[in-house]
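Take a look at the structure set out below.
The values are calculated or read from the model by the stated rules, or taken from the named source; none is laboratory data. Here the structure is a predicted model, which means the values were calculated and not measured. In case anyone asks, the SASA skips ligands and DNA or RNA and just uses the protein heavy atoms, side chains included. Shrake-Rupley method; radii C 1.70, N 1.55, O 1.52, S 1.80 Å.
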Amino acid sequence: MMDKARGLTLDHLTLSKGTETLLSVDAHVAPGDVLSVMGPSGSGKSTLLSALIGTLAPAFAMQGRILLDGEDLAGKPPEARRIGLLFQDAMLFPHLSVGENLAFGLSPDVRGRVARRQVVEEGLIEIGLEGFAPRDPATLSGGQRARVALMRTLLARPRALLLDEPFSRLDTDRRASIRSLVLERARKERLPVILVTHDEADAQAAGGRVVRIGQE
Amino acid sequence: MSARRGLRFVPALTLLALVGPVAAGLIGTLLPAFGYLPAAGLTDWGLAAFAELGAWPGLPASVRLSLTTGLIATALSLAIVTLALAGWQGTPAFRWIERSLSPLLSVPHAAAAFGIAFLIAPSGWVVRLFSPWATGWERPPDLLILQDPAGISLIVGLVAKEVPFLLLMSLAALGQTEASRSLLAARTLGYGRVAGWLVTVFPQVYRQIRLPVFVVLVFSMSVVDVAIILGPNTPNTLSVQIVRWMGDPDLALRLRAAAAAMLQLALVFGGLLAWRIGEWAFARIARRILVRGRRGCMLDRTRGLSAGAILLIAVALFAGIAGLALWSFAGFWSYPNALPDMLILRSWMRHGPELLGPLGSTALIAGLAAGIALVLTIGCLEAEHRHGVRMRRAGAFLLYLPLLIPQTAFLPGLQTLMLSAGLQSGLWPVVLAHVVFVLPYVFLSLADPFRAWDTRLDIAARSMGTSADGVLWRVRLPMLLAPLLTALAVGLAVSVGQYLPTLLVGGGRVQTLTTEAVALASGGDRRAIGIYGLAQTLAALLPFAAAVLVPRLVWRNRRGMRHDG
């Protein structure tokens with residue numbers, strides 16, 4: 001029962017637009033587990049994501065509940081939910097250096113300039129980018145950017161992780177290695193993960209339950 | 001063939017139309033500032049004019065006013081726009097803000113200033129609404145609200161007009177950034193809406209609106225018509241004083257005016273430099289705060305403030321125009337009644353006939369200036385399309401150049417040059433002076449839709465044997481009807497609102513709705529001001545209404561053309 005409370009729960013979640021039901025999901029994602037949501041484009045994947053993040057447009061209606069560690073997220077703005085999000089592209093802020101991007105993500109609970117800089121540097125070492133702090137994000141390769149984005153999200157100390165097709169823009173060589181890095185880190189941090197993808201290989205690699213939406 | 005080759009020279013001609021008058025005007029100001037004005041028989045080079053200017057007792061206050069009103073109005077406008085965007089961009093409420101402010105952009109500065117003056121004057125609407133029940137004022141209070149010595153009402157008037165401008169420029173810039181996704185990235189990291197927007201989106205937007213912000217700064221530091229209506233007159237701002245000296249029958253005072261114009265130019269450069277330093281300092285401080293990772297969620301409390309400021313501006317501008325309209329029909333209107341005791345047509349019957357002359361010359365000048373600007377713009381853009389003669393960064397900067405040099409620094413010089421060359425002031429010089437200020441806005445308005453046109457249609461038409469000119473006239477321009485009319489309307493509105501070019505280059509002999517309205521400022525005949533202000537507003541607004549309606553009528557049976565209506 002305790003274990004049931006921790007993690008991300010989609011409790012009889014139904015999303016609809018007008019009279020049309022887009023999708024229904026009922027699932028519990030325990031810490032360290034992955035739920036893969038698969039479906040073709042236009043199947044309502046992005047609507048599900050916005051419901052989870054808290055940016056659902058007024059045109060959509062949501063029934064059921066979204067619980068994070070037992071707490072109902074209804075009505076909470078994105079910044080209060082502490083759900084980390086990895087985008088299709090890395091979404092690094094182009095006007096900040098790599099190190100500043102990470103410091104931007106790093107939780108304010110880490111105090112003091114020296115301490116914060118050290119955590120950022122350690123984060124960079126962990127993703128194999130030691131000494132990259134002063135670099136312009138635009139000079140990084142796609143794989144490097146993806147790793148920085150992952151570390152930026154983790155440094156904010158999220159309670160859950162959403163992956164919005166974060167591997168789809170990477171070339172096949174890097175894809176597998178980034179994917180396993182992300183999934184490994186999430187497991188290590190005991191984060192419940194929801195992976196939205198249209199790629200069968202992603203879902204298989206994730207290893208968890210697979211929910212298919214938008215199918216005839 | 002020759003027409004096609006001629007197109008190559010249009011960009012150069014356009015730059016000449018923009019830069020020529022500015023350069024000539026600056027030279028024409030520089031020479032008399034150092035004592036050389038042969039038209040008045042003055043040929044002694046020297047610094048006497050500057051010495052005289054320095055001896056003018058009003059100078060320190062006048063200079064301080066120009067600096068403070070300009071910098072404060074610009075900073076305040078930018079702050080309101082930034083906080084409103086940070087708090088509301090992408091929300092349904094924001095679309096409402098956008099829709100209510102866009103038509104206000106075209107309201108001429110003088111009309112907006114008169115409207116605000118009617119609101120905040122001691123016997124204005126605001127005092128009337130609260131008197132005597134709340135204030136106890138049985139008669140208009142003896143307060144110096146308008147034209148206060150600190151220039152506060154001038155700042156209010158400037159902010160009300162510059163906020164819509166900066167907001168629309170920012171919205172255009174936002175289209176080129178991934179604003180909503182950047183904001184989402186910041187929010188999922190735990191940042192508040194306002195703080196997240198400021199840190200992630202603002203730097204990208206500001207980079208693109210920097211030149212418009214500079215334009216606002218230069219304009220606010222050197223504006224004449226708004227300062228005559230709302231600004232202090234003990235002493236005036238430096239720009240107003242320059243115009244007063246220029247209008248003096250004593251030609252020797254022109255030397256002092258020219259010296260003051262040079263000082264004005266230096267002041268504006270100083271203001272721009274101060275702004276740049278401010279930018280740099282701001283960015284440095286922001287970076288230091290940012291790496292601390294504070295989520296700044298309490299900044300979201302500014303959302304109410306920014307929405308309130310925008311609402312206040314929209315209401316003030318609308319109510320100001322309504323006030324102009326009401327005064328124009330007002331019979332006896334006793335204090336403290338909120339409405340006139342009766343509405344009559346007498347003012348219109350008295351001033352209506354004399355309105356026709358200025359109305360005609362306003363329409364003629366605006367039509368010619370906007371028409372010339374539109375033809376040059378189309379020529380430049382088509383040359384870019386056919387020959388790749390593209391305006392690069394330097395070109396974009398030159399486009400803004402006339403807006404970055406204070407009008408009071410080079411228009412007096414143009415007048416002096418014309419005088420020295422024995423040229424008659426009249427319609428055409430005024431039209432060409434208007435083109436200098438109209439062209440940048442027409443170009444900025446048309447460039448994006450023109451460049452976004454699907455060039456595969458060009459290839460399709462050419463492959464069927466249509467000439468390049470044929471494609472332009474029969475395919476491209478008809479398809480771009482809506483943006484062309486919008487650009488034309490922008491040009492007309494800018495021209496209608498021009499005060500100083502008409503006054504100085506026209507040598508005081510060309511009378512438009514704007515020059516007549518501003519001339520009424522000192523008289524205080526509210527009914528006449530109401531009529532001229534309203535006529536000026538309508539002259540600027542009606543073309544926009546036509547620009548929206550005409551394409552809808554023309555393309556009513558073409559669904560594929562409706563999106564840009």
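Quick one: work out the % antiparallel among DSSP beta bridges in the protein assembly as shown, nearest 5.
55 percent
Sorted by accessible area (1.4 Å probe), largest first, how do B:Leu144, B:Leu85, B:Leu427 line up?
So the residues, ranked largest to smallest area, are B:Leu144, B:Leu427, B:Leu85.
Given a 1.4 Å probe and the protein chains all in place, what does the accessible area of B:Leu520 round to, in Å² to the nearest 10?
Accessible area, nearest 10 Å²: 50 Å².
Counting only protein chains, not ligands or nucleic acids, how are A:His12, A:His28, A:His95 ordered by accessible area (probe 1.4 Å), most first?
Listed by decreasing accessible area, they come as A:His12, A:His28, A:His95.
Using only the alpha-carbon atoms, what does chain A span along each of its principal axes? Please give whole angstrom values in decreasing order.
Principal extents (largest minus smallest coordinate, Cα): 53, 37, 33 Å.
Would you jot down the residues in segment B:148-187 that end up with at least 30 Å² less accessible area in the complete protein assembly than in the chain alone, with a 1.4 Å probe?
B:Arg181, B:Leu184, B:Ala185, B:Arg187
What does the convex hull of the Cα atoms of chain B come to per residue, in Å³, rounded to a whole number?
Spelled out: Cα convex hull of chain B, divided by residues, is 183 Å³.
At 1.4 Å probe size, with the rest of the protein present, what percent of the exposed accessible area of the protein assembly as shown is carbon and sulfur atoms?
On the protein assembly as shown, the fraction of accessible area on carbon and sulfur atoms equals 62 percent.
Show me, bin by bin at 10 Å from 0, the whole-percent P(r) of segment B:410-531 based on Cα pairs.
The calculated distribution, bin by bin, is 12, 28, 24, 19, 13, 4, 1.
When all protein chains stay in place, what accessible area (Å², nearest 10, 1.4 Å probe) is found for B:His385?
Counting only protein heavy atoms, the figure is 60 Å².
Can you give me the long-range amide H partners of A:Leu35? Hydrogens built in the peptide plane at 1.01 Å from N, cutoff under 5 Å, separation of 5 or more residues or another chain.
Amide H neighbours of A:Leu35: A:Val193, A:Ile194, A:Leu195.
Taking the alpha-carbon centroid of each part, what is the distance from segment A:21-46 to segment B:157-188 in angstrom?
34 Å
Roughly how much accessible area, to the nearest 100 Å², goes out of reach of solvent when B and A pair up, both sides summed, probe 1.4 Å?
2400 Å²
Apply the Karplus curve 6.51 cos²θ - 1.76 cosθ + 1.60, θ = phi - 60°, to the phi angles in segment B:530-545 and return the couplings in whole Hz, x for Gly and Pro.
x, 5, 5, x, 5, 4, 4, 4, 5, 4, 7, 7, 4, x, 5, 4
Under a 5 Å amide H to amide H cut-off, with H placed in plane at 1.01 Å, what residues pair with A:Leu23 once short-range neighbours are removed?
Here the answer is A:Leu15, since their amide H atoms fall under 5 Å of that of A:Leu23.
What 222 nm value per residue comes from the helices of chain A, counting each DSSP H run with n ≥ 4 as -39,500 (n - 2.57) and dividing by all residues, nearest 500 deg cm²/dmol?
Roughly -10500 deg cm²/dmol at 222 nm, from the helical runs in chain A.
Taking amide H atoms as placed 1.01 Å from N in the peptide plane, list the residues 5 or more away in sequence, or in a different chain, whose amide H sits under 5 Å from that of B:Leu37.
Under 5 Å from the amide H of B:Leu37 lie the amide H atoms of B:Leu42, B:Thr43, B:Asp44, each far enough along the sequence or on another chain.
To the nearest µm²/s, what D does Stokes-Einstein give for segment B:58-344 at 4 °C and 1.567 mPa s, using the Kirkwood radius over alpha carbon pairs as Rh?
62 µm²/s
Write down the Å³ per residue value for the convex hull defined by the alpha carbon atoms of segment A:167-216.
Dividing the Cα hull volume of segment A:167-216 by its residue count gives 84 Å³.
Once the cut-off is 21 Å, how many percent of the Cα-Cα pairs in segment A:1-90 end up in the long-distance tail?
Taking all Cα-Cα pairs of segment A:1-90, the fraction more than 21 Å apart is 30 percent.
Which value, in Å² and to the nearest 10, is the accessible area of B:Asp300 when all protein chains are kept and the probe is 1.4 Å?
40 Å²
So what is Rg over Rh here for the protein assembly as shown, counting just Cα atoms and using Kirkwood for Rh?
Here the Rg-to-Rh quotient is 1.03.
Over segment B:278-423, how many percent of alpha carbon pairs lie in each 10 Å bin up to the one with the longest distance?
8, 13, 20, 24, 22, 12, 2
Express the accessible area of segment A:8-212 per residue in Å², computed with a 1.4 Å probe while the remaining protein chains stay in the model.
It amounts to 43 Å² per residue over segment A:8-212.
Taking Cα pairs under 8 Å and at least six residues apart, what relative contact order does chain A come out at, in percent?
Once normalised by length, the contact order is 32 percent.
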